[in-house]
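Peer 1: Have a look at this one before I ask anything.
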Amino acid sequence: MAKRAESIAFIDDQFVPISEAKISILEPTFTKSDVVYDTLSSWKGYMFRLDEHLERFQNSYRAMQLKPPYPLEEIRRIVAECIERSGFEDTCVTLMATRGPFIDLADRDIRKCKNGLIAVCVPYYWVLGEAKQTSGVNMVITKNQRVPAGAIDARVKNFNWMDLTRGLLEAYEKGGDSALLCTPDGLLSEGPGFNIWLAKDGKLFTPRGNLLEGVTRRSVFELAQEMGAEPTEKPLRPDDLRGADEAFTSTTAGGITPVTQVDGKTLGNGAPGILTMRLNDEYWRRRKDGWHGTRVEEVLRDRDVA
Ligand code: PLP
């Protein structure tokens, strides 16, 4: 009988079914969200922009003075092995560099914690829901602001999500599908799990500032450049989005998702935009063909030879 596909975690030096992956409730990883992470995806067996995700992950853990117990090359293999063991082709893999447990509970110096590495591989998911890929989302620009960079640097991918979660709850209360937060000076930033883009007169714009520089965002830059849409990063205001011809989100877990309403009001003609759908089609067509992809077996072959 064929092996059943299942979600897999790597924790405490072992690959285990996800239900067996546990951390202590006393760890600052949990009590203080003292952990950084990165999420990458595989599609048809190709890990997308693997080394770029690993580089961002490394920048994040270095920024928090975390030292995972494996070199980056080994983390690369752990990612591939999680996917292989899961039996899924289309996955999201989250890597976490944790502060880990205190060695001595009486000594709360976080520099002495035993840093850890956790990897989690689950079937590919769409953070805004798969159906919204075609219908589009109602995006609420929230009152709740994105935390300033001087407090939390959003480029360091973190689980300090109180601003994003409060934004999301506010958006749900207002009948929206998700939230777009602004910086304290009123500029558009990002939402819970995605970057934002808008199109005006055939040109594409995305905010600049305290936001995670998404790997999918980078991919949209490449595709849009080829399509002549002159993608530009610049400070944007809520009214730029409200007056846009079209808009979409970009993220690892969901690719490109059209925004068809802002604060419950129709955006453009109310349908997913033409440029948005061209980008979406091209993104998935290329993903299927292994664009910026590394085969899982290729990384594991290196492991077997080493
Ligand atoms: N912004 C935030 C806050 C995110 O959490 C994410 C992804 O999880 C993104 C943007 C999109 O980044 P990427 O395209 O690298 O997935």
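The values are calculated or read from the model by the stated rules, or taken from the named source; none is laboratory data. Keep in mind it's a predicted model, so treat the numbers as computed, not measured. Here the Cβ is made from the backbone with ideal geometry for all residues, glycine too, and neighbour counts use every protein chain on show. Surface areas here come from the heavy atoms of the whole protein model, side chains and all, with no ligands, DNA or RNA. Shrake-Rupley method; radii C 1.70, N 1.55, O 1.52, S 1.80 Å.
Peer 1: Please work out which one of (1) open to solvent by less than 40 Å² (accessible area, probe 1.4 Å); (2) touching a Phe, Trp or Tyr at 6+ places or on another chain (Cβ under 9 Å); (3) not acidic (D, E) is the condition S86 fails and give its number.
Peer 2: (2)
Peer 1: Being farther than 22 Å from N59 by Cβ and surrounded by fewer than 15 Cβ atoms within 10 Å (Cβ to Cβ) is the filter here, so list the residues in region 97-113 that pass it. So that I can check it myself, show each step before the final result.
Peer 2: Within region 97-113, the subset farther than 22 Å from N59 by Cβ is 101-109, 112.
Matches in region 97-113: I103, D104, L105, A106, D107, R108, D109, K112.
Peer 1: Is there a residue being basic (K, R) and within 16 Å of the ligand (Cβ to nearest atom) anywhere in region 53-64?
Peer 2: Step one: list which residues in region 53-64 are basic (K, R), which gives 56, 62.
With the extra rule that they be within 16 Å of the ligand (Cβ to nearest atom), the set shrinks to 56.
So far as region 53-64 goes, yes, one or more of its residues are basic (K, R) and within 16 Å of the ligand (Cβ to nearest atom).
Peer 1: Then there's this: Give the residue, chosen from V296, V262, that is in contact with a Phe, Trp or Tyr (Cβ under 9 Å, 6 or more places away or on another chain) and modelled with pLDDT of 95 or more.
Peer 2: It is V296.
Peer 1: Could I ask something else about it? Restricting attention to region 35-50, report how many residues are part of a loop (DSSP other than H, G, I, E, B), open to solvent by less than 20 Å² (accessible area, probe 1.4 Å) and away from the ligand (no atom under 12 Å from the Cβ).
Peer 2: 1
Peer 1: Mind listing whichever residues of region 215-240 are of a type outside the set (S, T, N, Q), within 16 Å of the ligand (Cβ to nearest atom) and open to solvent by less than 10 Å² (accessible area, probe 1.4 Å)?
Peer 2: Once the filter is applied, which keeps residues that are of a type outside the set (S, T, N, Q), within 16 Å of the ligand (Cβ to nearest atom) and open to solvent by less than 10 Å² (accessible area, probe 1.4 Å), region 215-240 yields V215, V220, L223, A224, L236.
Peer 1: Something else now. When you look at R208, is it crowded, with 18+ Cβ neighbours inside 10 Å and either in a loop (DSSP other than H, G, I, E, B) or under 17 Å from the mean Cα position of the chain (by Cα) (or both), yes or no?
Peer 2: no
Peer 1: Filter region 164-205 for residues that are more than 30 Å from E226 (Cα to Cα), within 19 Å of the chain's Cα centre (by Cα) and within 15 Å of the ligand (Cβ to nearest atom) and give the result.
Peer 2: Once the filter is applied, which keeps residues that are more than 30 Å from E226 (Cα to Cα), within 19 Å of the chain's Cα centre (by Cα) and within 15 Å of the ligand (Cβ to nearest atom), region 164-205 yields L164, T165, R166, G167, L168.
Peer 1: Still on this structure: Being surrounded by fewer than 19 Cβ atoms within 10 Å (Cβ to Cβ) and either out of contact with any Phe, Trp or Tyr (no Cβ under 8 Å at 6 or more places or on another chain) or modelled with pLDDT under 95 (or both) is the filter here, so list the residues in region 123-149 that pass it.
Peer 2: Y125, W126, G129, E130, A131, T134, S135, K143, N144, Q145, P148, A149
Peer 1: Restricting attention to region 150-181, which residues are over 30 Å from Q65 (Cβ atoms), among the hydrophobic types (A, V, I, L, M, F, W, C) and surrounded by fewer than 22 Cβ atoms within 10 Å (Cβ to Cβ)?
Peer 2: Answer for region 150-181, where residues must be over 30 Å from Q65 (Cβ atoms), among the hydrophobic types (A, V, I, L, M, F, W, C) and surrounded by fewer than 22 Cβ atoms within 10 Å (Cβ to Cβ): just L169.
Peer 1: Ok, one more. Could you tell me which residue of region 5-29 is nearest to G100 (Cα to Cα), considering only residues that are in a strand (DSSP E or B) and open to solvent by less than 60 Å² (accessible area, probe 1.4 Å)? Write out each step before concluding.
Peer 2: First pass over region 5-29, keeping only residues in a strand (DSSP E or B): 8-11, 14-17.
With open to solvent by less than 60 Å² (accessible area, probe 1.4 Å) added as a condition, the list becomes 8-11, 15-17.
Working: I8: 20, A9: 16, F10: 14, I11: 11, F15: 18, V16: 18, P17: 20 Å.
Taking the candidates together, the pick is I11.
Peer 1: Restricting attention to region 214-255, which residues are touching a helix residue (DSSP H, G or I) at 6+ places or on another chain (Cβ under 8 Å), within 30 Å of L95 (Cβ to Cβ) and part of a loop (DSSP other than H, G, I, E, B)?
Peer 2: Matches in region 214-255: P231, T252, G254.
Peer 1: Of the conditions (1) in a helix (DSSP H, G or I); (2) surrounded by fewer than 22 Cβ atoms within 10 Å (Cβ to Cβ); (3) not small (G, A, S), Q65 clears all except one; give me its number.
Peer 2: All conditions are met except number (1).
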